[in-house]
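This report refers to the structure that appears directly beneath it.
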Amino acid sequence: MVKVQLPDGSIQEYPEGSTAYDVAAKIGPRLAQACVAASVDGQIADLRRPLPADKQVKLKLLTDRDAEALGVMRHSAAHVMARAVMRLFPNVGLAFGPTLPNGFYYDFDMPDRIREEDFSRIEKAMAEIVAEAEPFERFELPREEALGFCADLNQNLKVEHLKTGLADHATLSFYRQGEFVDLCRGPHIPDAGKIKAFKLLSVAASHFKGDASGRSLQRLYGTAFFHQKDLDAYLAQVEEAKRRDHRVLGKLHNLFHISNDVGQGLCLWLPKGATVRGILEEFIKVELIKRGYQPVYTPHIGRVEMYETSGHFPYYRDSQFSPIFGHPAGAIVDRWITLLESNELTPEKERQFQEFSPLLEAKIENYPQGGSVAEKVQALRAWQGHQERYLLKPMNCPHHVQIYKSQQRSYRDLPVRLAEFGTVYRHEQSGELNGMLRVRGLTQDDAHQFCTPEQVEDEFRQTVELVQFVLGSLGLDDYRVQLSLRDPNSDKYVGSDENWKRAESALRHVLEEMKLPFEPRQGEAAFYGPKADFMVRDCIGREWQLGTVQLDYNLPERFQLEYIGADNKAHQPVMIHRAPFGSMERFVGVLIEHFAAAFPLWLAPEQVRILPISEKVNDYAASVEQQLKAAGFRATTDLRSAKINGKIRDAQLELIPYMLVIGQKEAEQGTVTVRDRLDAEHQKTVPVAQALSEFAAEVKERRIRQTVKPAASSFGGGEEAAANEY
RNA sequence: GCUGCUGUAGCUCAGCUGGUAGAGCGCGUCCUUGGUAAGGACGAGGUCAUGGGUUCAAGUCCCAUCAGCAGCUCCA
């Protein structure tokens, strides 16, 4: 007997071997037709798999209205795509074909290269497969047979995966659809006919199991929906995202520039972009003073030893700019030590090092010819210790730690909150660089709070509130919190288990207390502590990681920080690292996309443009401009000999929030005609003073007046997608 | 860093199977003084990313380098 409980609470019984489809058919033929999968005790399963007979299960029948069903269908679409590719190309090896939040992909190992020109014929082959509407049939094989089966199919990557990733599986499941068979966990839709709208999106290289040293595969991306209108809406959103690309808008509106002559990933802030950044910096500085932070400034470089103490230098060596050596032999000795420590120093190389260093006037004393590696390293380090070695700073924390250490601290002084817009440099891999979003020189709105263990939770809470306030002020109030924890099985973290447990539970506790929903993510922590990351959704539904708050018991230990407690004994403070914006580069980049470069009045590089209708009113225009500037507005006057139409068009395209049209009439009356970027229909002619006070109010409130309505997060079911039509 | 694609005027892009460069916008000058998304005329701008090679001849073909883009990998 199969016992199922339906979502309405009713319990029904079916003969053994019954499937979810049978349940649906009993309820009604239309439901059976509409079903694509089932949720059995919360697990998504094939519609036609027998339900468990040994216990009562909760059954939910999934139709095209359920988000889970969309994922199942996309997975099946990935199979259909792979089948189409195999029909069109020879010797296609299959890797993985999972779903993504907005679609799916399949990785292929094949001799031919897929090009975008091939998309239409692949789509055509897919359409044929969909039209055939053959069922997806599941079958299972014992391990050895599965291995032989995949080998017979010449699916070597599947064989490899069976031997490594699936080594502990005694039986393996496969799905067959016509001539196409794939090792696959499932579940799948009943037949390909349920795929109603699909499209191939792009093709790019990938690696088997994400191993960059492994073989290169071709990854074909696509997406699929239950309704054509959902696909259309999705494609429209992709277009919209393209239109908002901060690299394009940054160039068009002269916000920032990245010059080859300066270097990759090094951002030049043009006056307009710098204005936006400056306003944001002023905005947060005022907030910080209110909240008890103290400003500090620190240099752009620091001794390598300091970063060795903090752990940054050894941990991130590969993604830092090379150290700056005071002595010409510095880099050589550095390399020498590296080879010694990795046991790669051959006698030949050692001899070369020893011959070469005197040429650079490096006198390395007491280098033990036949000595141990440790003794040799010690001798070299002794030499190094007398030389200057600086690192372009990759993080501000060690510098702020030194400021903390510069004085004796009493528990009465804590918390000490040190804030700086600190510019740091990281040698990101060239393939990672992306406009302002990923750069090699960036300025963090950084601060470090040093507090007693008792103050940790309170301090952390206040910091989270600051992040919330800052994001809210920019209209970015749709976000989720990701609690990034360490992976207990990894050795990439510093500090004791006890420190980590304390830090992680403190973060968790405060987030729970603040009733902030969060998702724990193992293995995402910084190397010195766990963090709460703010994943912010912009107005077209994309997510960005912006602000971060990190709790750190480890750097205080490594730097031996102290404060004198009430008991007159030395204690160790706790550090909080935080950056509400993250970095100014990234944040402004995201804002450009969020606002599509149409900044609200308080942030707009140029807030008001005065448009004289003819030269006869230029003097009056000048006096209006003076009044605006005296009141603190960023205003210019368009004095070109163009017609008013042209001036309005240009100001509109440059996204100037307000235009003040001035003609003979206004000059005589001492008024201006205000034209709103967002509403050209309702213009009004008002005295200059009134326009000024209205603008001032809008700036003071940091009012955000967007035309684009917030969109839903992702393209799930039909209802959700409807909300995306903006 | 890896794989693939791309690099022509300030910007967006044409430029055929090799025969020493074009458009629109922008910019400059002049005319025009115009009431709500482009008034007109003329003009200046390019070592075709850089360096090699093949060829009588290279923007075009080949190689290398640099940079950009997409994806992978990484992100304190």
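Would you mind getting the accessible area per residue of segment A:68-226, heavy atoms of the protein chains only, 1.4 Å probe, in Å²? Each step should come with its number before you reach the end.
Numbers: 7040 Å² over 159 residues.
Heavy-atom accessible area per residue stands at 44 Å².
If I take the Cα coordinates of segment A:76-124 and project them onto the principal axes, what are the three extents in Å, biggest first?
Dimensions of segment A:76-124 along the principal axes of its Cα atoms: 28, 22, 15 Å.
Please state the relative contact order of segment A:2-63 as a whole percent: Cα pairs under 8 Å, 6+ residues apart? Don't skip to the end; give the middle numbers.
Values: 111 pairs, mean separation 26.6, N = 62.
Result for segment A:2-63 is 43 percent.
How large is log10 of I(q)/I(0) for segment A:551-677 at q = 0.10, 0.15 Å⁻¹ when the intensity is taken from the Debye formula with one equal scatterer per alpha-carbon?
The computed values of log10 I(q)/I(0) come out as -0.51, -0.76.
Enter the accessible area per residue of segment A:2-63 (Å², integer; probe 1.4 Å; all protein chains in place). Spell out each step's value before the answer.
Details: 3340 Å² over 62 residues.
Accessible surface, normalised per residue, equals 54 Å².
Relative to the present Cα-Cα distance, how much length would full extension add between A:Arg640 and A:Arg247 at 0.36 nm per residue of separation?
Details: separation 393, 0.36 × 393 = 141.48 nm, distance 2.90 nm.
Extra length from A:Arg640 to A:Arg247 when fully extended: 138.6 nm.
I need the trypsin sites (Lys or Arg not before Pro) found in segment A:530-629, filtered to DSSP loop residues with at most 14 other beta carbons within 10 Å of theirs. Please report the intermediate quantities before stating the final value.
On the way: sites: A:Lys531, A:Arg537, A:Arg542, A:Arg558, A:Lys569, A:Arg578, A:Arg586, A:Arg609, A:Lys616, A:Lys629; in loops: A:Arg542, A:Lys569.
Here the trypsin sites (Lys or Arg not before Pro) that fit, given the DSSP loop and packing criteria, are A:Lys569.
Taking only Cα atoms of segment A:502-551, what ratio of Rg to Rh do you get with Rh as the Kirkwood inverse-distance radius? Intermediate results must be reported in sequence, preceding the final value.
Details: Rg = 11.9 Å, Rh = 11.9 Å.
Using Cα coordinates only, the ratio equals 1.00.
Quick one: which residues, 5+ away or cross-chain, put their amide H under 5 Å from the amide H of A:Thr637? H built at 1.01 Å from N.
A:Ile610
Along Cα→Cβ, 7 Å out, is where each label goes; now give me the distance between the ones at A:Asp41 and A:Ser693 in nm to one decimal.
7.0
Over segment A:441-599, what is the relative contact order in percent, taking alpha-carbon pairs closer than 8 angstrom and at least six residues apart?
Normalised by residue count, the contact order of segment A:441-599 is 32 percent.
A:Ile301's amide H: which non-local residues (gap 5+, or another chain) put their own amide H closer than 5 Å, with H modeled 1.01 Å from N in plane and none for Pro or chain starts?
A:Lys393
At q = 0.10, 0.14, 0.15 Å⁻¹, work out log10 I(q)/I(0) for segment A:68-226 with the Debye formula, treating every Cα as an identical point scatterer and leaving solvent out; two decimals please.
Computed log10 I(q)/I(0) values: -0.33, -0.66, -0.77.
In percent, how large is the relative contact order of chain A, given Cα pairs closer than 8 Å and 6 or more residues apart? Please list the in-between numbers first.
On the way: 1274 pairs, mean separation 71.6, N = 726.
Normalised by residue count, the contact order of chain A is 10 percent.
When all C-alpha to C-alpha distances in chain A are sorted into bins of 10 Å, what percent of pairs does each bin hold, rounded to whole numbers?
For chain A, the binned pair fractions read 2, 11, 16, 19, 19, 16, 11, 4, 1, 0 percent.
Starting from the 7 Å offset along Cα-to-Cβ, what nm value, one decimal, do you get for the label separation of A:Lys629 and A:Gln407?
Here the modelled spin labels are 4.2 nm apart.
Working only with C-alpha atoms, what are the Rg and Dmax values of segment A:2-63, expressed in angstrom?
In order Rg, Dmax, the Cα atoms of segment A:2-63 give 10.1, 29 Å.
Only helical DSSP H runs with n ≥ 4 go in: add -39500 (n - 2.57) per run for chain A, normalise by residue count and round the 222 nm mean residue ellipticity to 500 deg cm²/dmol. Each step should come with its number before you reach the end.
Numbers: 24 runs with 269 residues, N = 726.
-11500 deg cm²/dmol, from helical runs alone.
Calculate the all-directions average of the projected area of segment A:301-392's alpha-carbon convex hull, and give it in nm².
The Cα convex hull of segment A:301-392, projected and averaged over all directions, gives 5.8 nm².
State the extension gain, in nm to one decimal, for the chain segment bounded by A:Asn434 and A:Glu457, taking 0.36 nm per residue of separation less the distance between their alpha-carbons. Don't skip to the end; give the middle numbers.
Working: separation 23, 0.36 × 23 = 8.28 nm, distance 3.60 nm.
So the chain would gain 4.7 nm between A:Asn434 and A:Glu457.
Output ³J(HN,Hα) for segment A:80-85: one whole-Hz value per residue in order, computed from phi by the Karplus curve 6.51 cos²θ - 1.76 cosθ + 1.60 with θ = phi - 60°, and x for Gly and Pro.
Going residue by residue, I get 4, 5, 4, 4, 5, 4 Hz, with x marking Gly and Pro.
Using Cα positions and a limit of under 18 Å, work out the aspartates and glutamates in reach of A:Lys376, with same-chain residues fewer than 8 apart set aside.
List returned: A:Asp334, A:Glu341, A:Glu344, A:Glu348, A:Glu350, A:Glu355, A:Glu365.
Using modelled amide H (1.01 Å from N, peptide plane; none on Pro or chain starts), what sits under 5 Å from the amide H of A:Thr19, excluding residues fewer than 5 places away?
Amide H neighbours of A:Thr19, under 5 Å, 5+ apart: A:Leu51.
Restricting the calculation to Cα positions, tell me the Rg (one decimal) and the Dmax (whole number) of segment A:608-700 in Å.
11.9, 35
Out of segment A:1-96, which GluC sites (Glu not before Pro) are coil in DSSP terms and have no more than 16 other C-beta atoms within 10 Å?
Working: sites: A:Glu13, A:Glu16, A:Glu68; in loops: A:Glu16.
Here the sparse-neighbourhood loop sites are A:Glu16.
Determine ³J(HN,Hα), in whole Hz, for all residues of segment A:670-679 in sequence, where each value follows from phi through the Karplus function 6.51 cos²θ - 1.76 cosθ + 1.60 and θ = phi - 60°; x replaces Gly and Pro.
x, 10, 9, 9, 8, 10, 8, 3, 8, 7
Trypsin sites (Lys or Arg not before Pro) within segment A:94-166: which are DSSP loop residues with at most 12 other Cβ atoms inside 10 Å? Spell out each step's value before the answer.
Working: sites: A:Arg113, A:Arg115, A:Arg121, A:Lys124, A:Arg138, A:Arg143, A:Lys158, A:Lys163; in loops: A:Arg113, A:Arg115.
Within segment A:94-166, the qualifying trypsin sites (Lys or Arg not before Pro) (loop, at most 12 other Cβ atoms within 10 Å) are A:Arg113, A:Arg115.
What number comes out for accessible area per residue over segment A:301-392 if the probe is 1.4 Å? Units Å², please. If you can, show how the numbers build up before the last one.
Working: 5270 Å² over 92 residues.
Per-residue accessible area for segment A:301-392 comes out at 57 Å².
If you bin every alpha carbon distance in segment A:219-353 into 10 Å steps from zero, what whole percent lands in each bin?
Going from the shortest bin to the longest, the percentages are 8, 18, 20, 22, 19, 10, 2, 0.
Considering only protein heavy atoms and a probe of 1.4 Å, how much of the accessible area of chain A is carbon and sulfur, as a whole percent?
Values: 17040 of 34420 Å².
With neighbouring chains kept in place, the figure for chain A is 50 percent.
The values are calculated or read from the model by the stated rules, or taken from the named source; none is laboratory data. Treat the numbers as computed from the prediction; the structure is a model and nothing was measured. Neighbour counts are summed over all protein chains in view; Cβ atoms, including those assigned to glycine, are modelled from backbone coordinates with ideal geometry. Areas reflect the complete protein model, heavy atoms only, side chains present, ligands, DNA and RNA absent. Shrake-Rupley method; radii C 1.70, N 1.55, O 1.52, S 1.80 Å.
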